[in-house]
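First comes the structure, then the notes that go with it.
The values are calculated or read from the model by the stated rules, or taken from the named source; none is laboratory data. Keep in mind that this is a model prediction, so the values were computed, not measured. Positions of Cβ are backbone-derived with ideal geometry, glycine not excepted, and every protein chain shown enters the neighbour counts. Surface areas here come from the heavy atoms of the whole protein model, side chains and all, with no ligands, DNA or RNA. Shrake-Rupley method; radii C 1.70, N 1.55, O 1.52, S 1.80 Å.
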Amino acid sequence: MIAATSQLATSQLAAAASQTSTGEAVQFWILGTVAVLGALGTVLMKKSVHSALSLAGTMIVLAIFYLAQGAYFLGVVQIVVYTGAIMMLFLFVVMLVGITAADSLKETLKGQRWMAAACGLGFGILLIAGIGNASLDTFAGVGQANSAGNVPGLARLIFTKYVWSFEITGALLITAAIGAMVLTHRERTEDRRTQRELSEARVRGGVQVTPLPAPGTYARHNAVDIPALLPDGSISELSVSATLRARGQIRDVSADALHRLAELDQRTEEYLEREPERTAVERKAERAERETVREADREAAREADRASDRAEEGAK
């Protein structure tokens with residue numbers, strides 16, 4: 001009796017899981033479209049970083065599908081392991097190492113394009129066969145598999161029915177990781193040059209040995225688009241980037257511009273009702289004048305002392 005009741009409950013749960021509601025259908029068509037667009041972007045994007053981001057979006061949509069079907073363990077693993085760890089690792093490697101268009105045209109192994117085409121064709125045949133054998137009327141669902149819990153049911157299938165496929169997949173992933181490390185490793189063909197050798201090559205090549213002049217004019221500006229001035233008043237071409245010079249984004253620092261800037265500073269001081277800042281020559285002349293006045297006062301005091309001494313001697 002108990003066994004019959006349990007079997008009846010399991011069959012009812014499987015029947016309920018095999019039915020598709022309107023919300024699930026809407027979710028499937030919306031997220032399925034996003035997943036397909038992400039897959040196409042992974043293949044068709046020109047930049048590898050964009051392809052990796054598209055693949056990450058497709059993985060996130062697959063995780064949502066797993067969670068919606070009741071496969072909670074697979075959904076969490078899809079996000080944490082694949083999207084959060086492996087995919088982000090691929091993305092960081094691409095950004096740090098960098099992949100140019102020249103790398104994609106160079107075949108590291110002979111015949112790898114034909115092997116890739118054959119593997120793609122075989123995968124396409126398997127995919128078409130799987131879709132052709134799928135039932136479009138009824139769905140088995142995961143009710144029976146989750147009867148004892150999602151994680152125990154998944155573990156029972158992996159380590160009993162699909163243990164051989166699981167081990168082959170693990171070996172394939174390890175082989176792929178080792179192959180990636182072997183293909184990306186580059187042996188150094190020559191010894192690393194020392195600092196002395198680099199300095200000698202720089203001097204013999206006739207390039208700029210000393211540091212380039214810094215941008216800025218009379219310490220008034222330190223922007224990268226303002227060239228420095230040489231002692232004769234001319235512009236130092238080495239103080240600004242050649243890219244800014246080609247774009248025409250270098251600001252004018254000629255004598256006329258400096259004169260207009262001085263006039264602007266003077267008008268600003270007058271507007272703020274502050275005494276305009278004196279130049280170095282004016283400050284030097286003022287200090288000399290004050291020193292002259294003090295020297296004259298000291299000389300007058302000494303002359304008065306001498307006159308007083310002569311008056312005292314005459315009185316005696």
Practice item. For residue 269, work out the one condition from (1) open to solvent by less than 90 Å² (accessible area, probe 1.4 Å); (2) of a type outside the set (A, V, I, L, M, F, W, C); (3) modelled with pLDDT of 80 or more it doesn't fulfil. Key: (3)
**Study point:** Tabulated pairs, the stretch 108-133, first surrounded by fewer than 10 Cβ atoms within 10 Å (Cβ to Cβ), second among the hydroxyl-bearing types (Ser, Thr, Tyr), C-beta under 8 angstrom, 6+ apart or interchain
**Key:** none
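Determine if the stretch 289-297 includes at least one residue that is open to solvent by less than 70 Å² (accessible area, probe 1.4 Å) and either at pLDDT below 80 or not in a helix (DSSP H, G or I) (or both). Full working, then the answer.
So in the stretch 289-297, the residues open to solvent by less than 70 Å² (accessible area, probe 1.4 Å) come out as 296.
From what is left, the residues that are either at pLDDT below 80 or not in a helix (DSSP H, G or I) (or both) are none.
Taking every residue of the stretch 289-297 in turn, none turns out to be open to solvent by less than 70 Å² (accessible area, probe 1.4 Å) and either at pLDDT below 80 or not in a helix (DSSP H, G or I) (or both).
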Practice item. Please list, ordered by first then second residue, the pairs with beta carbon atoms under 8 Å, 6 or more apart or interchain, first in the stretch 192-210 and of a type in the set (D, E, K, R), second surrounded by fewer than 10 Cβ atoms within 10 Å (Cβ to Cβ). Key: 202/209
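Taking the options 256, 252, 225, 232, name whichever one is within 26 Å of residue 207 (Cβ to Cβ), modelled with pLDDT under 70 and either open to solvent by 50 Å² or more (accessible area, probe 1.4 Å) or not in a helix (DSSP H, G or I) (or both). First the steps, then the outcome.
Values: 256 fails: within 26 Å of residue 207 (Cβ to Cβ); 252 fails: within 26 Å of residue 207 (Cβ to Cβ); 225 fails: modelled with pLDDT under 70.
Exactly one residue qualifies, and that residue is 232.
Scanning for something of a type in the set (D, E, K, R) and modelled with pLDDT of 80 or more, does the stretch 173-187 turn up at least one residue? Break it down stepwise before answering.
Applying the first criterion (of a type in the set (D, E, K, R)) to the stretch 173-187 yields 186-187.
Next cut, modelled with pLDDT of 80 or more only: none.
Among the residues of the stretch 173-187, not one is of a type in the set (D, E, K, R) and modelled with pLDDT of 80 or more, which makes the answer no.
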Review point. Looking only at residues in the stretch 190-205 that are of a type in the set (S, T, N, Q) and part of a helix (DSSP H, G or I), which one is least open to solvent (accessible area, probe 1.4 Å)?
Key: 199
